[in-house]
Structure formats: C-alpha cells, structure tokens
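Just below is one structure, and these are the notes that go with it.
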Amino acid sequence: MVRLIRRPVDSSPLPFGGRECRCDAAIGVSTARAGDANVKQSAPPDSSMSVELPFAPVDDIIRREAGSLRVGADATEELARWIQERGATLAANAAERATADDRKTIMAADFGVEGGHDPDGASLPIAPVDRIARLDIDDRYRVSMDARVALARRLEAYADTVAAAAAVLAHHADRRTVKREDVETYFELAPYYDME
C-alpha cells in the first residue's frame, strides 16, 4: 500500500526508496449526487499524490462489474484515485454538517445514511477509508465507526457505478480489457447524465 503524499511528484526526498507514481490526470467533472446541493464539485484526482486505498479491493470491484473483461492495472489505479477524491470531498461536507449541528463527531447521518451498518459487509477496507475521510478535515473532528462504514458503502456504490460504466465503454470500444481511458471517459461524459 502506498501512503498519501500531498506534494508534487518531482519534489524530493520521496519516501519508499525514492519511488514515485505518475499517472495522467482525468478531466474534472461534478460527482455530486442528484439533489445534494451540499456536495461540492470534485476536481480531477491529483496525479502527484499517491493513493490511500489498497488496489486489490478496487480491482475486485471493477472485476465484479466487468464480467468476462480483463482489467488493466491503470484502470484500477485511476478508479482508486477517484474514490479517494470523492471520499475526501464527502468527508469534508460531512464535517461541515457536523459543525452546523455543533458536533465534533461525524456521524453516519452526515453522509446521508442511517447508522448501524456491519463493517464486515463492505468491500473497501475501513481503515484506509478512515484515512481518506481525514485527508481534508481538521484534526478536531472524530469519525464514528458507523460513519466510516457509511462512507465505505457510499464509496463502494460510487465505484460500482464507475466500474460498470467503464466496462460498457470497453465493450463499446470493442476491447477485452477495461483501461484507464474507460474510467477517464466516464468522467468526461458524467456531466451529461444524472449521477449517483
């Protein structure tokens, strides 16, 4: 797993023996839920930062939606970047809701989900989702376990939607492999459709 580093790729010194990850940035679009005026516009994932999520669960989500198609590692990495960006945005908005209610603890309801979820039912691991939730919020906030599970469920539903669309785009391109460009194309087309 690669830890998040928020600095340009060419800065040094880099951890992990100087290894760096580079990828092309996708085109930025709105990833807000229909009718959710509090969700801010999502910018394209910063290609100079590493991804908090392990790629294996993201790859499993894409493969679940891709059926018989193969899945490129670049598609998995791109989707993981978008999941991270979406999670950080949702958590920042949830923190604003908690502040409006004069709370320091982010609850499941702040993500628009009722509490009481089973953490074992989520495909995305809870610990990295918790780290994603804390990327863009102040340290004074606590994130309840139900909120972590709720965020993981929302991010998994988001990933399912993107992965299913990427698989359709790969079929449309008459390819047998889901690639990064399929995920990127989804976000290019997203403004034209009612999302999530």
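Just so it is clear, none of the values below were taken in a lab; they were calculated from the coordinates. Please read all numbers here as calculations on a predicted model, not as lab measurements. For neighbour counting, all protein chains shown are included, and Cβ atoms are generated from backbone atoms with ideal geometry for every residue, glycine included.
The table below lists the values:
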item	result
FRET efficiency estimate (nearest 0.05) - Cβ-Cβ, SER123 to THR177, R0 22 angstrom	0.55
Amide H partners (placed H, <5 Å) of VAL71, local residues excluded	VAL178
Label-point separation in nm, LEU189 to ASP60, each point 7 Å along Cα→Cβ	2.8 nm
Amide H contacts under 5 Å for ARG142, placed H, 5+ residues apart	THR105, ILE106
Shape of segment 77-138, Cα gyration tensor, a/c cut at 1.5	oblate
Segment 130-153 residues near the modelled LYS104 label - backbone nitrogen below 14 Å, point 7 Å along Cα→Cβ	138-144
GLU96/ARG131 FRET efficiency (R0 22 Å; Cβ-Cβ; nearest 0.05)	0.65
Relative contact order (%) - segment 155-196, alpha-carbon pairs under 8 angstrom, separation at least six	40 percent
